[in-house]
Amino acid sequence: MSQLFVRTLREDPADAEVPSHRWLVRAGYIRRTAPGIYTWLPLGLRVLQNVERIVREEMDAMGAQEVRFPALLPREPYEATRRWTEYGPNLFRLKDRKGADYLLGPTHEEMFTLLVKDLYSSYKDLPLSLYQIQTKYRDEARPRAGLLRGREFVMKDSYSFDVDDAGLAASYEAHRQAYIRIFERLGLTYVIVKAMSGAMGGSASEEFLAVSATGEDTFVRSPGGYAANVEAVSITPPPAQDASGIAPAHTVDTPNTGTIVELVDVANAQFPRPDRAWTAADTLKNVVFKLVRPDGTSELLVVGLPGDRDVDTKRLEAAIAPAEATPLTDEDFAANPGLVKGYIGPASIGDGSATSHLGAEGPLKVRYLTDPRVVPGTAWITGANIVDTHAVDVVCGRDFTSDGVLDVAEIREGDPAPDGSGPLSLARGIEMGHIFQLGRKYAEALGLKVLDENGKLVTVTMGSYGVGVSRAVAAVAEATCDERGLAWPRALAPFDVQVLATGKGDEILQAATTLAEQLDARGVHVLLDDRKASPGVKFTDAELLGVPTAVVVGRGLAEGLVEVRDRATGERAEVPLVNAVDYLVAVVGR
């Protein structure tokens, strides 16, 4: 410790939002360089390398082979797959001295595809799985939570190459099982959930989420085993309804009802129903967004959904990627007078099939997409496109139609699982791994073909598989820390044992040093606290650093005893010094 490059801190960093960020900085594992960019100090680097070792061992065991690409990449391959544009502002772009365009790699599908295309040409070369552990770069708009959402991060990405879909399914399952082994070895409590493929495309997609209250991802699960990222939940539409007995649509005066709550209050006061009161679920809320594409073009989109639900922005972002959605400003409404803020109804949007008596002077060129619950025959109270006016008994399929379905409403605790396996419960997690069946998207764009067994050129099908290596450091810290600091599982800890010399005099320090040397000779990784500091400081720092086992050489030495402390459980045991090495080797498992 007297030589280790570390400085522990007694105060939390000002920008720390989650426990892992706070303790990793305070314990001297990482140091902030810029927003979302961190320097790895010796302790942190040892933990990171332990994660890499576990990932590398399991990838090698499944037959994948390691390569390493540069982080600085040319523009042309990303132009071929359109991701130079589609990645939008998240891509770090730069020019060399000759004016040629380059990027810092956010992910490497293009590079892997071109490498295999360059070297392989026959079905006999496949199946093939390649991987790398490398630094990635994404210009996050809001980097936060330390290592959990950064602009520079270490990731393991691997890719499988197969002749046909059956081969892809086998490669996908092999990676899935490897991931299960990886996350079990990391000691994480995790769940595998159905996920969206996002900007990388593809079909089958699953995420491995570390269950954590501070996680940015919301997922759902049911008693029957359904599990999905909230973005990937698909609502099962109810059956169409018989609207033959519903009165014709008509408008009503509804002054000062710019919100759903105000509308429901007025409806129950002015035109109550005999069977039950109006609720927000009886209203059709129409929310307007501006969709901005990566190339800068934009369009308006109106989303119609039951008034008791809000649009989940993460579900919306996943559904419209790579475009981004922003709410309309007052200036936007002023530029589109057909959209009456607070009173928007389907009559002036979509295909214009709504009846004119709902207040529309004519349809706008605006896409109108509705929630799956808005099925033919359902009747609604909705905006009449006139200030202080709503329309009642507006029936889907009779009085209006939409341009399609958009399933982006919020998912709630207790909602039915799409597969009928029971009510959904919501939880939060940290995305640790993501596996995709990419298919032929990148192979087609970049011309990756091989000759099959009949001598015919066929396009290779691919899978993509990622693990957040640096994020794993934070996720494990998040799961294992306590009010005193870090508490690493043995597989990831920077050292197996920390020996603390607590007391004055050369005898104690000499005994501690000898014990550390004997442990080191037996293959135990030891950190010796030989500093001239008080026992209290050493104990505090030991708990902060989180080494799994601490050995206190101090007052008990007079009786030939040392104290062994378990950081995670707090258990303590007095052990004769003469037996300490064998005892600790057994504890460590060397």
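Where a number appears in this text, it was derived from the coordinates with a stated rule and is not lab data. Bear in mind that the values here come from a model prediction, so they are computed numbers and not experimental data. Note that each Cβ is placed from the backbone with ideal geometry, even for glycine, and that neighbours are counted across all protein chains shown.
So what's the back-of-envelope 222 nm ellipticity for the chain, counting only DSSP H runs of four-plus at -39500 (n - 2.57) apiece and dividing by all residues, rounded to 500?
Helix contribution divided over all residues of the chain: -7500 deg cm²/dmol.
When only alpha-carbon atoms are used, what values of Rg and Dmax, in angstrom, describe the stretch 490-541?
Gyration radius and largest Cα-Cα distance of the stretch 490-541: 11.5, 35 Å.
Rounded to whole Hz and in sequence order, give me ³J(HN,Hα) for the stretch 444-457 from the Karplus expression 6.51 cos²θ - 1.76 cosθ + 1.60, θ = phi - 60°, writing x for Gly and Pro.
5, 5, 10, x, 7, 10, 9, 7, 7, 5, 9, x, 9, 6
Tally Lys and Arg at +1 and Asp and Glu at -1 over the other residues with C-beta under 13 Å from the C-beta of Asn268: what net charge comes out?
-2
Efficiency by 1/(1 + (r/R0)^6): what FRET value for Val405 and Asp566, r their Cβ-Cβ distance, R0 = 60 Å, to the nearest 0.05?
E between Val405 and Asp566, to the nearest 0.05, is 0.65.
³J(HN,Hα) across the stretch 219-230 via Karplus (A = 6.51, B = -1.76, C = 1.60, θ = phi - 60°), whole Hz, x for Gly/Pro?
Once θ is set to phi - 60°, the couplings for the stretch 219-230 become 10, 10, 8, 10, x, x, x, 5, 8, 7, 4, 4 Hz.
Among all helices in the chain defined by DSSP H, which have a length of 27 Å or more along the axis from Cα atoms plus a Kyte-Doolittle mean of at least -1.0?
42-61, 165-185
Rounded to two decimals, what ratio of Rg to Rh does the chain give with C-alpha atoms and a Kirkwood Rh?
1.07
Please list, ordered by chain and number, the residues whose modelled amide H lies under 5 Å from the amide H of Leu128; skip anything fewer than 5 residues away on the same chain.
Phe161
For the residue pair Ser421 and Arg7, what label-to-label distance in nm results when each label sits 7 Å from Cα along the Cα-to-beta-carbon direction?
Taking the two extended label points, one gets 5.1 nm.
For a quick check: with amide H placed at 1.01 Å from N, whose amide H comes under 5 Å from Phe92's, ignoring anything fewer than 5 positions away on the same chain?
Excluding prolines and chain starts, which carry no amide H, the hits are Leu104, Asp139.
Sort out for me the Cα centre separation of the stretch 518-543 from the stretch 368-421, rounded to whole Å.
Taking the Cα centre of each part, the stretch 518-543 and the stretch 368-421 sit 64 Å apart.
Using modelled amide H (1.01 Å from N, peptide plane; none on Pro or chain starts), what sits under 5 Å from the amide H of Ser421, excluding residues fewer than 5 places away?
Correct list: empty.
Please sort 379-391, 158-170 by packing, taking for each peptide the average over its residues of neighbouring beta carbons within 10 angstrom, highest first.
For the peptides 379-391, 158-170, the packing ranking is 379-391, 158-170.
According to a simple spin-label model (label point 7 Å from Cα along Cα-to-Cβ), what is the distance in nm between Arg53 and Phe333?
Placing both labels 7 Å along Cα→Cβ, they lie 6.1 nm apart.
Under a plain spin-label model, where a point goes 7 Å from the Cα along Cα-to-Cβ, how far apart in nm are Asp275 and Ala61?
Between Asp275 and Ala61, the simple spin-label model gives 6.0 nm.
Exceeding 26 Å between C-alpha atoms, which entries from my cross-link table qualify? They are Lys136/Lys456; Lys124/Lys441; Lys290/Lys314; Lys194/Lys365.
Exceeds cut-off: Lys136/Lys456; Lys194/Lys365.
Given R₀ = 25 Å, what would the calculated FRET efficiency be for Asp506 paired with Glu574, taking r from the Cβ atoms and rounding to 0.05?
0.65
For the chain, what is the relative contact order in percent, using Cα pairs closer than 8 Å and at least 6 residues apart in sequence?
The normalised contact order for the chain reaches 17 percent.
How large is the charge dipole for the stretch 425-538, taken about the Cα centre, if only the Cβ atoms of Lys, Arg (+1) and Asp, Glu (-1) carry charge, to the nearest 20 debye?
Charge dipole of the stretch 425-538: 420 debye, to the nearest 20.
Take the Cβ-Cβ distance between Gln518 and Ala247 as r, set R0 to 60 Å, and report the resulting FRET efficiency rounded to the nearest 0.05.
That pair, Gln518 with Ala247, gives E of 0.10.
Please list, in order along the stretch 67-78, the HN-Hα scalar couplings obtained from phi with the Karplus expression 6.51 cos²θ - 1.76 cosθ + 1.60 (θ = phi - 60°), rounded to whole Hz, x for Gly and Pro.
Once rounded to whole Hz, the list reads 10, 8, 9, x, 7, 8, 10, x, 6, 4, x, 6.
Which one, Trp488, Ala443, Thr502, is farthest towards the positive end of the dipole of the stretch 412-502 when Lys and Arg carry +1 and Asp and Glu -1 on their Cβ?
Ala443
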